[in-house]
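Reading through the structure tokens given below for one structure.
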Amino acid sequence: MIPIGERINGMFTDVKRAILEKDASVIHVLARRQTEAGAKFLDCNVGTAVADREGAMRWLVTEIQNAVKTPIAVDSQNFDVVKAGVAACDSPVMINSVSGDPEKLKTYISYALEKDAALIALTMDRRGIPQDVNTRVEVAATIVTTALEMGLAMGKLYIDPIIIPVNVAQDQPARLLEVIQQVRMLADPPPHITLGLSNVSQKTAERSLINRIFLVMAAGVGLDSAIVDVLDTDLMDAWVTAEMLLNKQIYSDSFLKAARMM
């Protein structure tokens, strides 16, 4: 399991305020807490906090690295902001994210290869986010094929099939499980599969429960990474337990504690 901590994001009020006021203490605490909770990467997104997003990204990355050694996922839809964040990183880095649009995809893969970075690629293209299983898998196949042709190892590629809130399209979570199963068969070894998990429960009344149950269901069909609230102990315990029951973690009476130490 590869948890990516979601919490250092300018869409959260405390992080937005910290970026505006250059209050590094807030970022340090969030970086340490998420690392202690088991995050393998820390997602870093400036959101809409400031006009100078490149400068804000450099500041955020620097302050995270002042607090922890956890690798960073530089998260932006703006390539210049991505490059600013990656340039500030002094450890292995992840780029989050690029669409499956062929032109953009090749640009990002070339950059990921240059920087030895992992890359999250979304199953969407110029047509938008597909609503059906086949088109999502078609876009994923384009991503995988392009990555293989350009020399990006599957261990560096993360496919995000894009979860839509359940209160907007209730059929989508079940369809996404089908997509995950099929994407796993596109290459050997397969790419990683990740999700922005919290999107499934956006604006619902039972966010934590919906997130937890869907994460377990997705892990059962091949999801091995997710951008999640690693500070949600019940969520993380459910994920670890699912992986143990799938024989991906070794059982012991202290398997939950052991998983967090890996």
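Readers should treat all values here as calculations from the given coordinates under stated rules, not as data from a laboratory. The shown structure was predicted, so the numbers you read here are calculated from the model rather than taken from an experiment. Methodologically, a virtual Cβ is constructed for each residue, glycine included, from the backbone with ideal geometry; neighbour enumeration extends over all protein chains shown.
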Exercise for the section: May I ask you to sort I250, I27 by Cβ crowding, counting other Cβ atoms within 10 Å and putting the fewest first? Expected result: I250, I27
Practice task
Compare the peptides 57-65, 165-173 by average per-residue count of other Cβ atoms within 10 angstrom and give them in order, highest first.
Solution key: 57-65, 165-173
Problem - Potential lengthening between Y251 and A187 on full extension [0.36 nm per residue; Cα-Cα distance subtracted] - result: 20.1 nm
Exercise for the section: Output the relative contact order of the range 2-231, whole-number percent, from Cα pairs under 8 angstrom with separation of 6+ residues. Expected result: 18
Handout entry: Separation in nanometres of the label points that stand 7 Å from Cα toward Cβ, at T233 and D14
Key = 1.7
Practice task
Counting other beta carbons within 10 Å of each Cβ, put L256, L105 in order, fewest first.
Solution key: L256, L105
Fill in the blank from the handout: Taking Lys and Arg as +1 and Asp and Glu as -1, residues besides S201 with C-beta under 13 Å from its C-beta add up to -1
Completion exercise
Restricting to lysines and to Cα separations under 22 Å from K104, and discarding same-chain partners fewer than 8 apart, the set is K83, K115, K156
Problem - Spatial separation of Cα centroids for the range 151-196 and the range 37-65, in angstrom - result: 25
Completion exercise
In whole Hz, the Karplus estimates of ³J(HN,Hα) for the range 40-45 (6.51, -1.76, 1.60; θ = phi - 60°; x where Gly or Pro) are 8, 9, 10, 5, 10, 9
Exercise for the section: Binning at 5 Å from 0, report for the range 1-95 what percent of all alpha-carbon pair distances ends up in each bin. Expected result: 3, 17, 30, 28, 18, 5, 1, 0
Fill in the blank from the handout: Note on the range 2-231: alpha-carbon gyration tensor, axes a ≥ b ≥ c; rule is a/c under 1.5 for rounded, else prolate if a/b larger than b/c, else oblate; result oblate
Exercise for the section: Just subtract the alpha-carbon distance of S110 and E178 from 0.36 nm times their residue separation and send over the number in nm, one decimal. Expected result: 21.5 nm
Completion exercise
Total charge of the residues flanking D90 in space, meaning their Cβ is under 14 Å from its Cβ, with Lys and Arg +1 and Asp and Glu -1, is +1
Exercise for the section: Quick one: order E149, E243 by neighbouring beta-carbon count within 10 Å, fewest to most. Expected result: E149, E243
Handout entry: Set of aspartates and glutamates with alpha-carbon distance to K257 below 16 Å, sequence-local pairs under 8 removed
Key = E36, D232, D234, D237, E243
Completion exercise
Here the membrane-span-like helices of the chain, with no claim about any membrane, defined by DSSP H, Cα axial extent at least 27 Å and mean Kyte-Doolittle at least -1.0, are none
Handout entry: Candidate lysines for bridging to K203, where Cα separation is under 22 Å - those fewer than 8 sequence places away on the same chain excluded
Key = K16
